[in-house]
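The values are calculated or read from the model by the stated rules, or taken from the named source; none is laboratory data. A quick note: this is a predicted structure, and the numbers were derived from the prediction, not measured. Virtual Cβ from ideal backbone geometry, glycine too; neighbours counted across all protein chains shown.
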(Lines give C-alpha, C1' and ligand atoms only; values in the text may rest on other atoms or scores of the structure.)
Protein backbone atom coordinates (compact mmCIF):
# COMPACT_ATOMS: atom_id res chain seq x y z
CA UNK A 1 0.00 0.00 0.00
CA UNK A 2 1.49 3.37 -1.03
CA UNK A 3 1.99 6.18 1.42
CA UNK A 4 1.65 9.94 0.96
CA UNK A 5 3.38 12.17 3.49
CA UNK A 6 3.76 9.17 5.79
CA UNK A 7 0.07 8.23 5.57
CA UNK A 8 -1.57 5.11 4.21
CA UNK A 9 -3.04 6.07 0.82
CA UNK A 10 -6.17 4.03 1.54
CA UNK A 11 -7.37 6.63 4.03
CA UNK A 12 -6.72 9.73 1.93
CA UNK A 13 -10.16 11.32 1.48
CA UNK A 14 -11.83 8.40 3.28
CA UNK A 15 -15.61 8.90 3.66
CA UNK A 16 -15.79 6.99 6.95
CA UNK A 17 -13.12 9.23 8.42
CA UNK A 18 -15.02 12.32 7.27
CA UNK A 19 -18.25 11.11 8.86
CA UNK A 20 -16.30 10.23 11.99
CA UNK A 21 -14.96 13.78 12.14
CA UNK A 22 -18.48 15.19 11.71
CA UNK A 23 -19.96 13.03 14.47
CA UNK A 24 -17.02 13.78 16.78
CA UNK A 25 -17.54 17.53 16.41
CA UNK A 26 -21.30 17.01 16.86
CA UNK A 27 -20.69 15.74 20.41
CA UNK A 28 -19.86 19.35 21.29
CA UNK A 29 -21.64 21.47 18.67
CA UNK A 30 -24.98 19.66 18.68
CA UNK A 31 -25.19 17.82 22.01
CA UNK A 32 -23.21 19.77 24.63
CA UNK A 33 -24.62 23.08 23.38
CA UNK A 34 -28.23 21.99 23.98
CA UNK A 35 -27.98 23.29 27.53
CA UNK A 36 -28.29 26.85 26.21
CA UNK A 37 -31.98 25.98 25.77
CA UNK A 38 -32.60 23.20 28.30
CA UNK A 39 -30.95 24.85 31.34
CA UNK A 40 -34.27 25.87 32.90
CA UNK A 41 -35.75 22.38 32.50
CA UNK A 42 -32.66 20.74 33.98
CA UNK A 43 -32.54 23.22 36.87
CA UNK A 44 -36.17 22.59 37.81
CA UNK A 45 -35.77 18.82 37.56
CA UNK A 46 -32.58 18.70 39.65
CA UNK A 47 -33.69 21.42 42.07
CA UNK A 48 -30.44 23.35 41.67
CA UNK A 49 -29.99 27.10 42.07
CA UNK A 50 -30.08 29.56 39.18
CA UNK A 51 -26.46 30.56 39.83
CA UNK A 52 -25.15 26.98 39.74
CA UNK A 53 -27.12 26.23 36.60
CA UNK A 54 -25.77 29.36 34.91
CA UNK A 55 -22.27 28.20 35.84
CA UNK A 56 -22.94 24.77 34.36
CA UNK A 57 -24.09 26.33 31.08
CA UNK A 58 -20.78 28.14 30.57
CA UNK A 59 -18.44 25.46 31.97
CA UNK A 60 -18.12 23.36 28.81
CA UNK A 61 -17.13 26.30 26.61
CA UNK A 62 -14.87 27.59 29.38
CA UNK A 63 -12.89 24.37 29.82
CA UNK A 64 -12.78 23.88 26.08
CA UNK A 65 -11.22 27.32 25.71
CA UNK A 66 -8.80 26.81 28.57
CA UNK A 67 -7.39 23.54 27.26
CA UNK A 68 -7.87 23.68 23.49
CA UNK A 69 -4.31 24.92 22.95
CA UNK A 70 -3.00 22.31 25.42
CA UNK A 71 -4.61 19.35 23.66
CA UNK A 72 -4.00 20.76 20.19
CA UNK A 73 -0.29 20.93 21.02
CA UNK A 74 -0.43 17.48 22.61
CA UNK A 75 -1.88 16.15 19.35
CA UNK A 76 1.27 17.35 17.58
CA UNK A 77 3.37 15.40 20.06
CA UNK A 78 1.58 12.08 20.52
CA UNK A 79 -0.82 11.91 17.56
CA UNK A 80 -3.97 13.76 16.58
CA UNK A 81 -6.13 10.66 16.24
CA UNK A 82 -5.01 9.42 19.65
CA UNK A 83 -6.07 12.68 21.34
CA UNK A 84 -9.30 12.76 19.35
CA UNK A 85 -10.16 9.24 20.54
CA UNK A 86 -9.42 10.29 24.12
CA UNK A 87 -11.80 13.20 23.54
CA UNK A 88 -14.57 10.86 22.44
CA UNK A 89 -14.11 8.70 25.55
CA UNK A 90 -14.24 11.86 27.69
CA UNK A 91 -17.42 12.89 25.88
CA UNK A 92 -19.03 9.58 26.81
CA UNK A 93 -17.92 9.91 30.44
CA UNK A 94 -19.18 13.49 30.72
CA UNK A 95 -22.51 12.65 29.12
CA UNK A 96 -22.92 9.60 31.37
CA UNK A 97 -22.28 11.65 34.52
CA UNK A 98 -24.85 14.25 33.47
CA UNK A 99 -27.44 11.65 32.43
CA UNK A 100 -27.14 10.00 35.87
CA UNK A 101 -27.39 13.29 37.81
CA UNK A 102 -29.50 12.70 40.95
CA UNK A 103 -32.11 15.21 42.02
CA UNK A 104 -31.18 17.62 44.78
CA UNK A 105 -27.61 18.29 43.72
CA UNK A 106 -25.80 19.99 40.84
CA UNK A 107 -22.44 18.32 41.50
CA UNK A 108 -22.88 15.67 38.79
CA UNK A 109 -24.06 18.28 36.31
CA UNK A 110 -21.09 20.55 36.98
CA UNK A 111 -18.59 17.67 36.82
CA UNK A 112 -20.08 16.34 33.60
CA UNK A 113 -19.98 19.76 31.95
CA UNK A 114 -16.29 20.12 32.85
CA UNK A 115 -15.48 16.73 31.31
CA UNK A 116 -17.46 17.69 28.20
CA UNK A 117 -15.31 20.80 27.92
CA UNK A 118 -12.12 18.75 28.13
CA UNK A 119 -13.57 16.45 25.47
CA UNK A 120 -14.20 19.39 23.13
CA UNK A 121 -10.67 20.65 23.74
CA UNK A 122 -9.35 17.27 22.57
CA UNK A 123 -11.65 16.93 19.56
CA UNK A 124 -12.00 20.38 17.99
CA UNK A 125 -8.36 21.27 17.17
CA UNK A 126 -7.31 17.76 16.20
CA UNK A 127 -10.39 17.05 14.06
CA UNK A 128 -9.68 20.21 12.06
CA UNK A 129 -6.03 19.22 11.71
CA UNK A 130 -7.09 15.83 10.33
CA UNK A 131 -9.02 17.52 7.50
CA UNK A 132 -5.76 19.11 6.41
CA UNK A 133 -3.70 15.90 6.73
CA UNK A 134 -6.00 13.33 5.13
CA UNK A 135 -7.70 15.44 2.45
CA UNK A 136 -6.31 17.40 -0.49
CA UNK A 137 -7.55 20.03 -2.96
CA UNK A 138 -11.33 20.23 -3.35
CA UNK A 139 -11.74 17.25 -1.03
CA UNK A 140 -10.04 19.25 1.71
CA UNK A 141 -12.39 22.20 1.17
CA UNK A 142 -15.36 19.87 1.47
CA UNK A 143 -13.87 18.33 4.61
CA UNK A 144 -13.43 21.77 6.21
CA UNK A 145 -17.05 22.59 5.28
CA UNK A 146 -18.19 19.35 6.95
CA UNK A 147 -16.21 20.36 10.06
CA UNK A 148 -17.92 23.78 10.01
CA UNK A 149 -21.33 22.13 9.71
CA UNK A 150 -20.52 20.08 12.82
CA UNK A 151 -19.34 23.08 14.83
CA UNK A 152 -21.43 26.04 13.61
CA UNK A 153 -24.38 24.11 12.21
CA UNK A 154 -24.51 21.82 15.21
CA UNK A 155 -24.64 24.80 17.56
CA UNK A 156 -27.41 26.37 15.47
CA UNK A 157 -29.49 23.18 15.60
CA UNK A 158 -28.78 22.44 19.27
CA UNK A 159 -31.59 24.54 20.76
CA UNK A 160 -34.28 22.96 18.59
CA UNK A 161 -32.79 19.47 18.89
CA UNK A 162 -32.39 19.71 22.68
CA UNK A 163 -35.83 21.24 23.10
CA UNK A 164 -37.40 18.40 21.12
CA UNK A 165 -35.79 15.64 23.18
CA UNK A 166 -36.37 17.44 26.50
CA UNK A 167 -40.06 17.96 25.71
CA UNK A 168 -40.71 14.46 24.37
CA UNK A 169 -38.56 11.78 26.01
CA UNK A 170 -36.78 13.87 28.68
CA UNK A 171 -33.59 15.95 28.83
CA UNK A 172 -31.43 13.02 30.00
CA UNK A 173 -31.88 11.35 26.61
CA UNK A 174 -29.83 14.15 25.04
CA UNK A 175 -26.80 12.71 26.80
CA UNK A 176 -27.63 9.06 26.16
CA UNK A 177 -27.86 9.95 22.46
CA UNK A 178 -24.53 11.77 22.68
CA UNK A 179 -22.90 8.61 24.05
CA UNK A 180 -24.27 6.60 21.13
CA UNK A 181 -22.93 9.11 18.59
CA UNK A 182 -19.48 9.07 20.24
CA UNK A 183 -19.40 5.26 20.01
CA UNK A 184 -20.23 5.38 16.29
CA UNK A 185 -17.53 8.02 15.74
CA UNK A 186 -14.97 5.85 17.51
CA UNK A 187 -15.92 2.88 15.32
CA UNK A 188 -15.57 4.94 12.12
CA UNK A 189 -12.04 6.17 12.93
CA UNK A 190 -10.87 2.99 14.67
CA UNK A 191 -8.71 1.66 11.81
CA UNK A 192 -7.37 4.99 10.55
CA UNK A 193 -3.57 5.05 11.07
CA UNK A 194 -1.93 7.85 13.00
CA UNK A 195 -0.10 10.53 11.06
CA UNK A 196 3.66 9.90 10.98
CA UNK A 197 4.46 13.48 10.13
CA UNK A 198 7.15 14.84 12.38
CA UNK A 199 6.54 17.91 14.50
CA UNK A 200 9.31 20.23 15.60
CA UNK A 201 7.31 21.11 18.68
CA UNK A 202 7.27 17.48 19.76
CA UNK A 203 10.93 17.83 20.69
CA UNK A 204 10.36 20.94 22.82
CA UNK A 205 9.54 20.99 26.52
CA UNK A 206 5.99 21.99 27.35
CA UNK A 207 5.23 25.40 28.88
CA UNK A 208 3.52 24.12 32.05
CA UNK A 209 3.93 27.36 34.11
CA UNK A 210 2.32 29.39 31.34
CA UNK A 211 -0.57 26.96 30.96
CA UNK A 212 -1.20 26.77 34.73
CA UNK A 213 -1.20 30.54 35.33
CA UNK A 214 -3.49 31.09 32.33
CA UNK A 215 -5.99 28.47 33.54
CA UNK A 216 -6.00 29.92 37.07
CA UNK A 217 -6.60 33.46 35.83
CA UNK A 218 -9.45 32.62 33.45
CA UNK A 219 -11.12 30.24 35.93
CA UNK A 220 -11.00 32.87 38.68
CA UNK A 221 -12.67 35.56 36.58
CA UNK A 222 -15.34 33.15 35.32
CA UNK A 223 -16.24 32.02 38.86
CA UNK A 224 -16.36 35.65 39.99
CA UNK A 225 -18.72 36.63 37.14
CA UNK A 226 -21.06 33.65 37.40
CA UNK A 227 -21.29 33.51 41.21
CA UNK A 228 -20.69 37.15 42.12
CA UNK A 229 -24.32 38.24 42.06
CA UNK A 230 -25.33 35.59 44.58
CA UNK A 231 -22.73 36.66 47.14
CA UNK A 232 -22.68 40.37 46.37
CA UNK A 233 -20.04 41.96 44.14
CA UNK A 234 -18.10 43.45 47.07
CA UNK A 235 -17.98 40.16 48.97
CA UNK A 236 -14.41 39.38 50.12
CA UNK A 237 -14.36 36.20 48.03
CA UNK A 238 -15.19 38.14 44.86
CA UNK A 239 -12.52 40.72 45.63
CA UNK A 240 -10.06 37.89 46.23
CA UNK A 241 -10.98 36.26 42.90
CA UNK A 242 -10.51 39.57 41.10
CA UNK A 243 -7.07 40.00 42.63
CA UNK A 244 -6.17 36.39 41.82
CA UNK A 245 -7.18 36.98 38.18
CA UNK A 246 -4.97 40.06 37.92
CA UNK A 247 -1.97 38.44 39.59
CA UNK A 248 -2.26 35.20 37.58
CA UNK A 249 -2.55 36.97 34.23
CA UNK A 250 0.32 39.36 35.01
CA UNK A 251 2.53 36.40 35.93
CA UNK A 252 1.33 34.60 32.81
CA UNK A 253 2.35 37.55 30.63
CA UNK A 254 5.79 37.74 32.20
CA UNK A 255 6.34 33.99 31.70
CA UNK A 256 5.17 34.00 28.08
CA UNK A 257 7.21 37.07 27.09
CA UNK A 258 10.44 35.22 27.92
CA UNK A 259 9.75 31.75 26.47
CA UNK A 260 10.56 30.44 23.01
CA UNK A 261 8.02 27.61 23.34
CA UNK A 262 5.32 29.73 25.01
CA UNK A 263 1.87 28.28 25.75
CA UNK A 264 0.50 31.26 23.80
CA UNK A 265 2.87 32.89 21.34
CA UNK A 266 2.34 36.58 22.14
CA UNK A 267 4.39 37.56 19.10
CA UNK A 268 1.45 36.52 16.94
CA UNK A 269 -0.45 39.56 18.20
CA UNK A 270 2.12 41.83 16.55
CA UNK A 271 0.27 40.99 13.34
CA UNK A 272 -2.58 43.54 13.36
CA UNK A 273 -4.90 41.55 11.10
CA UNK A 274 -4.64 38.40 13.21
CA UNK A 275 -5.24 40.42 16.38
CA UNK A 276 -8.34 42.11 14.95
CA UNK A 277 -9.83 38.85 13.67
CA UNK A 278 -9.19 37.13 17.01
CA UNK A 279 -10.74 39.97 19.04
CA UNK A 280 -13.83 40.13 16.83
CA UNK A 281 -14.08 36.32 16.98
CA UNK A 282 -14.07 36.53 20.79
CA UNK A 283 -16.74 39.24 20.79
CA UNK A 284 -19.13 37.56 18.36
CA UNK A 285 -18.86 34.19 20.10
CA UNK A 286 -19.57 35.99 23.38
CA UNK A 287 -23.02 36.85 21.99
CA UNK A 288 -23.94 33.22 22.70
CA UNK A 289 -25.15 34.73 25.97
CA UNK A 290 -28.06 36.29 24.06
CA UNK A 291 -29.32 32.76 23.26
CA UNK A 292 -29.33 31.81 26.93
CA UNK A 293 -31.15 34.99 27.93
CA UNK A 294 -33.81 34.98 25.18
CA UNK A 295 -34.58 31.26 25.49
CA UNK A 296 -34.69 31.41 29.30
CA UNK A 297 -37.01 34.43 29.16
CA UNK A 298 -39.67 32.75 27.01
CA UNK A 299 -39.56 29.62 29.17
CA UNK A 300 -39.60 31.30 32.59
CA UNK A 301 -41.57 34.43 31.71
CA UNK A 302 -43.95 33.10 29.04
CA UNK A 303 -44.23 29.41 30.09
CA UNK A 304 -43.00 28.04 26.76
CA UNK A 305 -41.62 24.50 26.75
CA UNK A 306 -38.01 23.88 25.66
CA UNK A 307 -39.36 22.60 22.32
CA UNK A 308 -41.52 25.69 21.79
CA UNK A 309 -38.55 27.89 22.69
CA UNK A 310 -36.38 25.88 20.30
CA UNK A 311 -38.78 26.63 17.45
CA UNK A 312 -37.70 30.27 17.69
CA UNK A 313 -34.22 29.25 16.49
CA UNK A 314 -35.27 27.50 13.27
CA UNK A 315 -34.27 30.58 11.28
CA UNK A 316 -30.95 30.67 13.14
CA UNK A 317 -30.09 27.16 11.97
CA UNK A 318 -31.20 27.73 8.37
CA UNK A 319 -29.62 31.19 8.20
CA UNK A 320 -26.20 30.14 9.43
CA UNK A 321 -25.95 27.12 7.12
CA UNK A 322 -26.83 29.20 4.04
CA UNK A 323 -24.78 32.24 5.03
CA UNK A 324 -21.58 30.21 5.57
CA UNK A 325 -21.47 29.58 1.82
CA UNK A 326 -22.42 33.19 1.01
CA UNK A 327 -19.64 34.45 3.29
CA UNK A 328 -17.17 32.19 1.49
CA UNK A 329 -18.20 33.63 -1.90
CA UNK A 330 -17.98 37.23 -0.60
CA UNK A 331 -14.51 36.47 0.74
CA UNK A 332 -13.37 35.29 -2.69
CA UNK A 333 -14.78 38.33 -4.50
CA UNK A 334 -14.45 41.20 -2.02
CA UNK A 335 -12.03 40.08 0.67
CA UNK A 336 -12.71 39.44 4.36
CA UNK A 337 -13.50 42.93 5.69
CA UNK A 338 -16.94 43.44 4.11
CA UNK A 339 -18.52 40.07 5.08
CA UNK A 340 -17.04 40.34 8.58
CA UNK A 341 -18.58 43.80 9.09
CA UNK A 342 -21.90 42.76 7.56
CA UNK A 343 -21.90 39.59 9.64
CA UNK A 344 -21.32 41.50 12.86
CA UNK A 345 -24.02 44.04 11.92
CA UNK A 346 -26.60 41.35 11.12
CA UNK A 347 -25.77 39.59 14.39
CA UNK A 348 -26.36 42.84 16.30
CA UNK A 349 -29.61 43.46 14.42
CA UNK A 350 -30.86 40.02 15.34
CA UNK A 351 -30.09 40.57 19.02
CA UNK A 352 -31.75 44.02 18.88
CA UNK A 353 -34.97 42.45 17.58
CA UNK A 354 -34.89 39.93 20.43
CA UNK A 355 -34.67 42.81 22.92
CA UNK A 356 -38.30 43.92 22.29
CA UNK A 357 -39.48 42.14 25.42
CA UNK A 358 -42.21 44.68 26.23
CA UNK A 359 -44.63 43.31 23.61
CA UNK A 360 -47.18 40.48 23.80
CA UNK A 361 -45.79 36.95 23.83
CA UNK A 362 -47.53 36.10 20.54
CA UNK A 363 -45.86 39.10 18.90
CA UNK A 364 -42.52 38.44 20.55
CA UNK A 365 -42.44 34.90 19.16
CA UNK A 366 -42.66 36.32 15.62
CA UNK A 367 -40.14 39.11 16.23
CA UNK A 368 -37.67 36.80 18.01
CA UNK A 369 -37.90 34.18 15.24
CA UNK A 370 -36.95 36.85 12.70
CA UNK A 371 -34.27 38.11 15.09
CA UNK A 372 -32.70 34.68 15.45
CA UNK A 373 -32.69 34.36 11.66
CA UNK A 374 -30.67 37.58 11.32
CA UNK A 375 -28.46 36.34 14.17
CA UNK A 376 -27.67 33.14 12.26
CA UNK A 377 -27.13 34.94 8.96
CA UNK A 378 -24.68 37.28 10.66
CA UNK A 379 -22.61 34.53 12.24
CA UNK A 380 -22.62 32.57 8.98
CA UNK A 381 -21.37 35.55 6.95
CA UNK A 382 -18.63 36.20 9.51
CA UNK A 383 -17.35 32.64 10.07
CA UNK A 384 -15.26 31.70 7.03
CA UNK A 385 -13.82 35.17 6.19
CA UNK A 386 -12.73 35.67 9.79
CA UNK A 387 -10.94 32.32 10.06
CA UNK A 388 -9.37 32.77 6.63
CA UNK A 389 -8.00 36.26 7.23
CA UNK A 390 -6.74 35.34 10.69
CA UNK A 391 -4.67 32.41 9.47
CA UNK A 392 -3.72 33.93 6.10
CA UNK A 393 -1.97 36.78 7.91
CA UNK A 394 0.34 34.33 9.71
CA UNK A 395 3.30 32.47 8.25
CA UNK A 396 2.91 28.74 7.64
CA UNK A 397 5.29 27.69 10.43
CA UNK A 398 3.14 29.52 12.99
CA UNK A 399 -0.25 28.58 11.58
CA UNK A 400 -0.79 25.80 14.12
CA UNK A 401 -0.33 28.10 17.11
CA UNK A 402 -2.44 30.79 15.45
CA UNK A 403 -5.26 28.33 14.77
CA UNK A 404 -5.26 27.19 18.40
CA UNK A 405 -5.40 30.76 19.72
CA UNK A 406 -8.17 31.69 17.29
CA UNK A 407 -10.31 28.70 18.35
CA UNK A 408 -9.52 29.38 22.01
CA UNK A 409 -10.86 32.93 21.59
CA UNK A 410 -14.14 31.47 20.32
CA UNK A 411 -14.59 29.08 23.25
CA UNK A 412 -13.56 31.57 25.93
CA UNK A 413 -15.70 34.24 24.31
CA UNK A 414 -18.75 31.98 24.50
CA UNK A 415 -18.02 31.00 28.11
CA UNK A 416 -17.44 34.53 29.38
CA UNK A 417 -20.30 35.97 27.32
CA UNK A 418 -22.74 33.41 28.70
CA UNK A 419 -21.51 34.02 32.24
CA UNK A 420 -21.85 37.82 32.01
CA UNK A 421 -25.22 37.76 30.22
CA UNK A 422 -26.62 35.26 32.74
CA UNK A 423 -25.29 37.34 35.63
CA UNK A 424 -26.95 40.49 34.26
CA UNK A 425 -30.22 38.68 33.60
CA UNK A 426 -30.35 36.95 36.99
CA UNK A 427 -29.01 39.88 39.03
CA UNK A 428 -31.17 42.65 37.58
CA UNK A 429 -34.36 40.56 37.59
CA UNK A 430 -34.19 40.47 41.41
CA UNK A 431 -33.66 44.24 41.77
CA UNK A 432 -36.39 46.66 42.99
CA UNK A 433 -35.97 48.78 39.85
CA UNK A 434 -36.69 45.79 37.61
CA UNK A 435 -39.79 44.87 39.59
CA UNK A 436 -41.10 48.38 38.88
CA UNK A 437 -40.42 48.03 35.16
CA UNK A 438 -37.30 50.20 34.95
CA UNK A 439 -37.41 52.40 31.86
CA UNK A 440 -40.45 50.57 30.45
CA UNK A 441 -43.48 52.85 30.08
CA UNK A 442 -45.48 50.96 27.47
CA UNK A 443 -45.23 47.30 28.47
CA UNK A 444 -48.21 45.19 27.38
CA UNK A 445 -49.55 41.82 28.44
CA UNK A 446 -48.67 40.14 31.73
CA UNK A 447 -47.04 42.29 34.39
CA UNK A 448 -46.05 39.52 36.81
CA UNK A 449 -42.96 38.88 34.66
CA UNK A 450 -42.01 42.52 34.15
CA UNK A 451 -38.74 42.19 36.08
CA UNK A 452 -37.63 39.29 33.85
CA UNK A 453 -38.51 41.18 30.69
CA UNK A 454 -36.65 44.30 31.81
CA UNK A 455 -33.58 42.30 32.88
CA UNK A 456 -33.54 40.39 29.59
CA UNK A 457 -33.58 43.64 27.61
CA UNK A 458 -30.55 44.99 29.48
CA UNK A 459 -28.67 41.69 29.08
CA UNK A 460 -29.41 41.70 25.35
CA UNK A 461 -28.27 45.33 25.07
CA UNK A 462 -24.94 44.16 26.50
CA UNK A 463 -24.70 41.64 23.65
CA UNK A 464 -25.43 44.36 21.08
CA UNK A 465 -22.51 46.29 22.60
CA UNK A 466 -20.30 43.24 21.97
CA UNK A 467 -21.17 43.31 18.25
CA UNK A 468 -20.27 47.00 18.12
CA UNK A 469 -16.87 46.20 19.65
CA UNK A 470 -16.41 43.50 17.02
CA UNK A 471 -17.15 45.97 14.22
CA UNK A 472 -14.72 48.51 15.67
CA UNK A 473 -12.02 45.83 15.83
CA UNK A 474 -12.64 44.81 12.21
CA UNK A 475 -12.66 48.38 10.88
CA UNK A 476 -9.44 49.21 12.73
CA UNK A 477 -7.44 46.13 11.72
CA UNK A 478 -8.80 44.24 8.70
CA UNK A 479 -7.69 45.64 5.32
CA UNK A 480 -10.23 46.13 2.55
CA UNK A 481 -9.97 44.05 -0.60
CA UNK A 482 -8.35 40.66 -0.99
CA UNK A 483 -5.44 39.89 1.28
CA UNK A 484 -2.34 37.84 0.59
CA UNK A 485 -1.43 34.62 2.32
CA UNK A 486 1.91 34.61 4.13
CA UNK A 487 4.32 31.85 3.26
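Got a number for residues in the stretch 452-476 being surrounded by 18 or more Cβ atoms within 10 Å (Cβ to Cβ) and touching a residue at least 40 places away in the same chain (Cβ under 8 Å)?
The total comes to 16.
If you go through the stretch 93-103 one residue at a time, how many are part of a helix (DSSP H, G or I) and either crowded, with 23+ Cβ neighbours inside 10 Å or free of Cβ contacts under 8 Å to residues at least 60 places away in the same chain (or both)?
Selection size over the stretch 93-103: 5.
Residues that are at pLDDT 90 or above, outside the structural domain of residue 39 (by TED's automatic domain parsing) and under 30 Å from residue 68 (Cβ atoms): which helices (runs of 4 or more DSSP H) entirely in the stretch 348-460 hold 1 or more of them?
Hits in the stretch 348-460: 361-392, 399-429.
Among the listed residues 284, 295, 291, which satisfies the condition of being more than 15 Å from residue 413 (Cα to Cα), in contact (Cβ under 8 Å) with a residue 60 or more places away in the chain, under 19 Å from the mean Cα position of the chain (by Cα) and crowded, with 24+ Cβ neighbours inside 10 Å?
295
From the residues in the stretch 40-55 that are in a helix (DSSP H, G or I) and at pLDDT 90 or above, which one is surrounded by the most Cβ atoms within 10 Å (Cβ to Cβ)?
42
Listed residues 302, 317, 309, 323; which is assigned to a loop (DSSP other than H, G, I, E, B), surrounded by 19 or more Cβ atoms within 10 Å (Cβ to Cβ) and touching a helix residue (DSSP H, G or I) at 6+ places or on another chain (Cβ under 7 Å)?
302
Please work out if residue 123 is closer than 25 Å to residue 19 by Cβ, out of contact with any strand residue (DSSP E or B) (no Cβ under 8 Å at 6 or more places or on another chain), part of a helix (DSSP H, G or I) and touching a residue at least 40 places away in the same chain (Cβ under 8 Å).
yes
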